[in-house]
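Note sheet for the following structure.
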Amino acid sequence: MSQLYDVIIVGGGPAGLSAAYSAWENGAKKIIVIERDRELGGILQQCIHNGFGLHHFKEELTGPGYAHKCIELVKDKLEIETLVDTMVLDVQSNKTVIAVNPEKGLLKLEGKTVILTMGCRERTRGAIRIPGERPAGVFTAGAAQRMVNMEGYLPGHKIVILGSGDIGLIMARRMSLEGCKVQACLEICPFSNGLTRNIVQCLNDYDIPLYLSHTIVAIHGEKRVTGITVAKVDERMTPIPGTEFDIECDTVLLSVGLIPENELSRGLDLDMNPLTNGPVVDQHRETSLDGFFAAGNVVHVHDLVDFVSEEAEIAGKYAALKAQGKLSSDNRTVKVSAIDGVRTCVPQKITMPAQIPADEKIKLFMRVAAPHRKVKLVVKSGDNVLLNRPLPVAKPSEMIAVEIPAAKFNLIGEEISVGLVL
Amino acid sequence: MAVETRVMNCIMCPMGCELTVTIEDGNVTNVTGNTCPRGPIYAKNEVTAPKRMLTTTVAIEGGALPLLPVVSADVLPKERILDCACYLRGVKVQAPVKTGDVIVENILDLGVNIIASRDMELHEQ
Ligand SMILES: Cc1cc2nc3c(=O)[nH]c(=O)nc-3n(C[C@H](O)[C@H](O)[C@H](O)COP(=O)(O)OP(=O)(O)OC[C@H]3O[C@@H](n4cnc5c(N)ncnc54)[C@H](O)[C@@H]3O)c2cc1C
Ligand code: SF4
């Protein structure tokens, strides 16, 4: 099988589906979404809690509910094909995509453009090195979430959660609802890495203690976890001798962060950003390789799926326009740098056509390095201030989104910087 | 008159706006810091009678998965959440189910239905 697609989309999570819909809305005639799982929807199918979609769909949805909405948008559209149970093995720089499906065998698809939407995966114990035995009972929070919410068994009964990332917090509540005892949540940083709402409704509501600046120094048990030793850490995150105490548990859930899934991006030799762990993109979500776009958690880890959809719609639109030859090629590139307390900013560059189209939007998505109160976010180009936004609170766990007003586009020089002013 | 200000985070969506709530004699008289109108509603409930949504699963037979995710159609009293979750652990339904189907009507007489949050088709073995 060999056919020329306008847009080939790798990954059928909310990013892939939103990109497909937007490519369709913007005139692409032949679109395909390839997903390795047995169904579309991505990781949201296991995130059964609510709170999704208020901004994107204007109604409050659960994870599966949000996935359902995204699937509804693409289904029954002649121009959009979807393939499940199909794993993309390789993407080549000439936009040939090699995939394998148990029934159809090896597939070779050719595209005018490709959008990468493979999502992210969890950091594991190996990635953070916990000393101690290697007994059974240590899981990543996401693996536990899949077990409890989709497969129907419990990872254990007395739980400790390491890391205050959102998935861990959500799992603290989930395990409590299943009748388990969640003993504690430990966070090595002096601040939580999850959304405030999740601290309130997942820990405080169930009287689960959160120990900030604490970590696991040993895991005990031979066959199965029987407990852990915890210690307080200093500013350099090294355990302070004498502060150790033990907690009894049969299960440790790791919620120590997510990393974009970028094996395919690396295979393509795309420019990568070492801080986001994703490909460098411009405001259209085009990567360093012409005609290759990326969106969602593959670019940078999002906490709000609504932003994932928004970003993917941009990628879908510009991939569709590119496939139809409707994008200007007379461009200059403006570098975007994150400075002064801003850790990451996506896009990392902006493509400015000589003639800026009326519908051009430049929206920046940022994460700060440490929590702050009452700061100003300043976007500048040289001495020109493009935007000055007071922020009552800024936390590393909450992505900040701002849009550069179109009226300021003519002030954009060679470079843009985004930073905090205290 | 007793006037108190309380700072709390709205939990109605992931924005988690920090609300400053003025309480006069047990009544919320002013809320600032909210991005949308749901903020003040949350603050009023939180001060008088805290409520929460419930999301959990029930067993399902004949579907591609052994579990069906469910959600409360509206908020439930916070102190009854664990009772409702416990009750739902004993519920079993039969595929097929559509998103929005009522799984338990008027759970524990609290006046709220529990509904399916995804489709689950009949799965041929
Ligand atoms: C365990 C976990 C829990 C999360 N919980 C929440 C939450 O509660 N709320 C929230 O807003 N966000 C949550 N997130 C973040 C969440 O990932 C995003 O909100 C959103 O789902 C990201 O969408 P996406 O489409 O970028 O990625 P995903 O939803 O991960 O979708 C990527 C898809 O690509 C597929 N794929 C990957 N590689 C290939 C390949 N080679 N070939 C074919 N298909 C491939 C995957 O199977 C997957 O379906 C969670 C993330 C994880 C990992
Ligand atoms: S006030 Fe509105 S936007 Fe802010 S957290 Fe509450 S629901 Fe979300």
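The values are calculated or read from the model by the stated rules, or taken from the named source; none is laboratory data. Bear in mind the structure is a predicted one, so any value in this text is a computation, not a measurement. Please note: Cβ atoms are built from the backbone with ideal geometry, for glycine as well, and neighbour counts cover all protein chains shown. Side chains included, ligands, DNA and RNA excluded: accessible areas come from the protein's heavy atoms. Shrake-Rupley method; radii C 1.70, N 1.55, O 1.52, S 1.80 Å.
General observations
- Chain B pair-distance distribution - Cα-Cα, 10 Å bins, rounded %: 13, 33, 26, 18, 8, 2, 0
- Treating each Cα of the range A:60-105 as one equal point scatterer and applying the Debye formula with no solvent, the log10 of I(q)/I(0) at q = 0.19 Å⁻¹ comes out as -0.83.
- Rg over Rh for chain A works out to 0.99, using Cα positions for both radii and the Kirkwood form for Rh.
- Counting Cβ atoms of other protein chains within 10 Å of each Cβ in B:6-13 and taking the mean gives 5.
- For residues of A:51-57, the mean tally of beta carbons on other chains within 10 Å: 3
- In this Cβ point-charge picture (+1 for Lys and Arg, -1 for Asp and Glu), chain B has a dipole of about 160 debye about its Cα centre.
- Partners of residue A:77 within straight-line reach, counting aspartates and glutamates whose Cα lies under 18 Å from its Cα and excluding those fewer than 8 residues away in the same chain: A:6, A:25, A:35, A:39, A:313.
- Computed E for residue B:95/residue A:246 - FRET, C-beta separation, R0 56 angstrom, nearest 0.05: 0.80
- For the pair residue B:41 and residue A:229, a Förster radius of 51 Å applied to the C-beta separation gives a FRET efficiency near 0.70, rounded to the nearest 0.05.
- Selected from A:412, A:157, A:352, residue furthest toward positive end of dipole (the protein assembly as shown; charges at beta carbon): A:412
- Dipole of the protein assembly as shown, positive end: most advanced residue of A:249, A:264, A:45 [Cβ charges, Cα centre]: A:264
- A crude spin-label estimate for the pair residue A:4 and residue A:98, with each label 7 Å from Cα along the Cβ direction, gives 2.3 nm.
- The DSSP beta bridges internal to the protein assembly as shown are antiparallel in roughly 65% of cases.
- The packing ranking of peptides B:73-80, B:103-110, A:363-370, highest mean first, is A:363-370, B:73-80, B:103-110, where packing means the average number of other beta carbon atoms within 10 angstrom of each residue.
- FRET E, pair residue A:373, residue A:151, Förster distance 35 Å, beta-carbon r, rounded to 0.05: 0.25
- Unit charges on C-beta of K, R, D, E only; dipole of the protein assembly as shown, Debye: 680
- Charging the Cβ of each Asp and Glu at -1 and of each Lys and Arg at +1, and nothing else, the dipole of the range B:55-116 about its Cα centre rounds to 160 debye.
- When the convex hull of its Cα atoms is viewed from all sides, the range A:120-263 shows a mean projected area of 8.8 nm².
- Taking the helices alone, chain A has a mean residue ellipticity at 222 nm of -5000 deg cm²/dmol, built from -39,500 (n - 2.57) per DSSP H run of at least 4 residues and averaged over all its residues.
- Cα lying deepest toward the dipole's positive end in the protein assembly as shown, options A:209, A:120, A:240, charges on Cβ: A:240
- Computed lengthening from residue B:64 to residue B:24, 0.36 nm per intervening residue step minus Cα-Cα distance: 9.1 nm
- Over chain B, dividing the summed -39,500 (n - 2.57) contributions of all DSSP H runs of at least 4 residues by the number of residues returns a 222 nm mean residue ellipticity of -4500 deg cm²/dmol.
- Taking a sphere under 10 Å around the Cβ of residue B:19 and counting the other residues whose Cβ falls inside, with K and R at +1 and D and E at -1, yields a net charge of -1.
- Potential lengthening of the chain between residue A:266 and residue A:389 amounts to 40.7 nm, from the contour at 0.36 nm per residue minus the alpha-carbon distance.
- Global geometry of the range A:34-142, whether rounded, prolate or oblate, following the gyration tensor of its Cα atoms and the 1.5 cut on a/c: oblate
- Helix A:14-25 and the longest principal axis of the C-alpha atoms of chain A enclose an angle of approximately 20°.
- Each Cα pair under 8 Å and six or more residues apart adds its separation to the average, and for the range A:329-422 the resulting relative contact order is 36 percent.
- Under 5 Å between amide hydrogens, built in the peptide plane, is the criterion, and for residue B:16 it picks out nothing among residues at least 5 positions away or on other chains.
- Once the 1.4 Å probe is applied to the protein heavy atoms, the protein assembly as shown comes out at 44 Å² accessible per residue.
- Each listed q (0.14 Å⁻¹) maps to a log10 I(q)/I(0) for the range B:55-116 from the Debye sum over equal C-alpha point scatterers, namely -0.35.
- Cross-link pairs beyond the 30 Å C-alpha cut-off, checked among A:223/B:78; A:112/A:349; A:58/A:158; A:95/B:98; A:326/A:395: A:223/B:78; A:58/A:158; A:95/B:98; A:326/A:395
- Per the Debye formula on identical point scatterers at the alpha carbon atoms of the range A:258-370, with no solvent, log10 I(q)/I(0) at q = 0.14, 0.17, 0.21, 0.23 Å⁻¹ is -0.55, -0.82, -1.25, -1.46.
- Once the Cα atoms are used to define both axes, helix A:63-74 deviates from the longest principal axis of chain A by about 10 degrees.
- Relative to the dominant Cα principal axis of chain A, helix A:305-323 is inclined by about 30°.
- For the pair residue A:121 and residue A:406, label points projected 7 Å from Cα toward Cβ lie 4.3 nm apart.
- Shown for the range B:3-48 is the translational diffusion coefficient from the Stokes-Einstein equation, using the Kirkwood radius over Cα pairs, a temperature of 37 °C and a viscosity of 0.692 mPa s: 322 µm²/s.
- Value of relative contact order over chain A, rounded to a whole percent, pairs C-alpha under 8 Å and six or more apart: 16
- Spin-label model distance (nm) - residue B:121 vs residue A:337, 7 Å beyond Cα toward Cβ: 5.4
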